[in-house]
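We did not get these values from a lab; they are worked out from the coordinates using the rules stated. Given the structure is predicted, the values throughout are model-derived calculations rather than measurements. Cβ: placed from backbone, ideal geometry, glycine included. Neighbour counts: every protein chain shown.
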């Protein structure tokens with residue numbers, strides 16, 4: 001992961017922190033500097049843009065535990081922590097060793113060298129500093145993705161909305177598509193962290209949370225609700241009003257003899273999104289009155305005398321025994 005630039009750049013000095021700075025201190029310092037030097041806040045100022053890239057690169061390395069350890073090792077090696085010894089005797093300098101490896105060193109050809117470093121740095125790591133090591137990145141790297149979240153009310157999630165997010169680099173406007181569901185992730189391309197070396201910016205990965213609605217529930221592209229009806233409406237039939245999300249109520253016909261639990265459908269009053277347009281599903285719930293007048297009680301007593309003598313639990317009991 002190392003870059004040749006790491007030998008020359010003091011990332012701690014660029015961010016203005018000590019070498020033992022904590023992750024929290026690094027993050028706090030980076031956010032402050034990023035807001036100060038971000039190109040959006042310094043339009044037409046190439047110096048600010050260059051500074052922003054510089055601090056982004058420094059934070060990209062130091063905020064990653066593995067890269068920070070590698071960077072510290074390389075900087076230590078540069079200041080005398082590593083040494084090269086010649087297998088054939090004599091002392092060779094840093095330039096002589098690499099000159100011998102690549103055919104450019106006077107008198108070094110044909111000798112064997114061993115690399116020793118207290119931190120256990122390998123030859124692969126060493127070559128990686130110059131872009132030739134196994135797994136070393138080639139070319140500009142993409143900036144890091146940024147995780148974000150937002151909470152929407154139910155109706156806004158169904159209809160869609162443009163929201164404003166506050167990121168480390170400033171404010172970002174994100175269009176939430178109609179029909180977004182709870183827990184859905186939206187990728188906002190190019191609005192994450194800047195690349196440390198001229199590559200494309202990272203993305204924002206936005207997780208959406210949706211508040212529950214007191215009446216409606218999502219069922220894919222459909223909306224569901226519980227529709228209370230009286231016993232007489234269910235038994236004799238009726239036309240009742242049903243609410244719709246964000247619109248006027250619609251009139252729905254309840255057929256005579258409708259049982260509790262039957263689902264009635266209102267076409268085209270569900271969720272509209274790129275996947276299509278859903279329906280409104282109304283589940284009938286027969287409401288039993290908690291208080292009866294004397295006249296209502298007498299009427300029900302009379303009805304009980306003439307109602308069909310059927311046991312509604314007969315099939316239930318039979319199935320329970322099978």
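Brief remarks on what is shown
- In plain terms, if you count all Cα to Cα distances in region 192-312 and split them into 5 Å steps from zero, the share in each step is 2, 9, 13, 15, 13, 10, 7, 8, 6, 4, 3, 2, 2, 2, 1, 1, 1, 0 percent.
- In a fully extended conformation the segment linking residue 277 and residue 40 would gain 81.4 nm over its present Cα-Cα distance, using 0.36 nm per residue.
- Exposure proxy ranking for 150, 171, based on other Cβ atoms within 10 angstrom of each Cβ and starting from the fewest, stands as 171, 150.
- In plain terms, the chain from residue 9 to residue 317 could stretch by 102.7 nm, reckoned as 0.36 nm per residue minus the Cα-Cα distance.
- Estimated inter-spin distance, residue 238 and residue 226, nm [label 7 Å along Cα→Cβ]: 1.7 nm
- Neighbour counts of C-beta atoms inside 10 Å place 12, 71 in the sequence 12, 71, starting with the fewest.
- For residue 307 and residue 267, a Förster radius of 30 Å and the Cβ-Cβ distance give a FRET efficiency of 0.30, rounded to the nearest 0.05.
- Stretch gain in nm, segment residue 185-residue 219, where the contour uses 0.36 nm per residue and the Cα spacing is subtracted: 10.4 nm
- Pairwise label distance in nanometres, residue 297 with residue 24, each label 7 Å out on the Cα-Cβ vector: 6.8 nm
- Taking other Cβ atoms within 10 Å as a rough exposure proxy, 215, 180, 188 sort from fewest to most as 215, 188, 180.
- Inter-part distance, region 266-310 to region 157-235, computed on C-alpha centroids, equals 33 Å.
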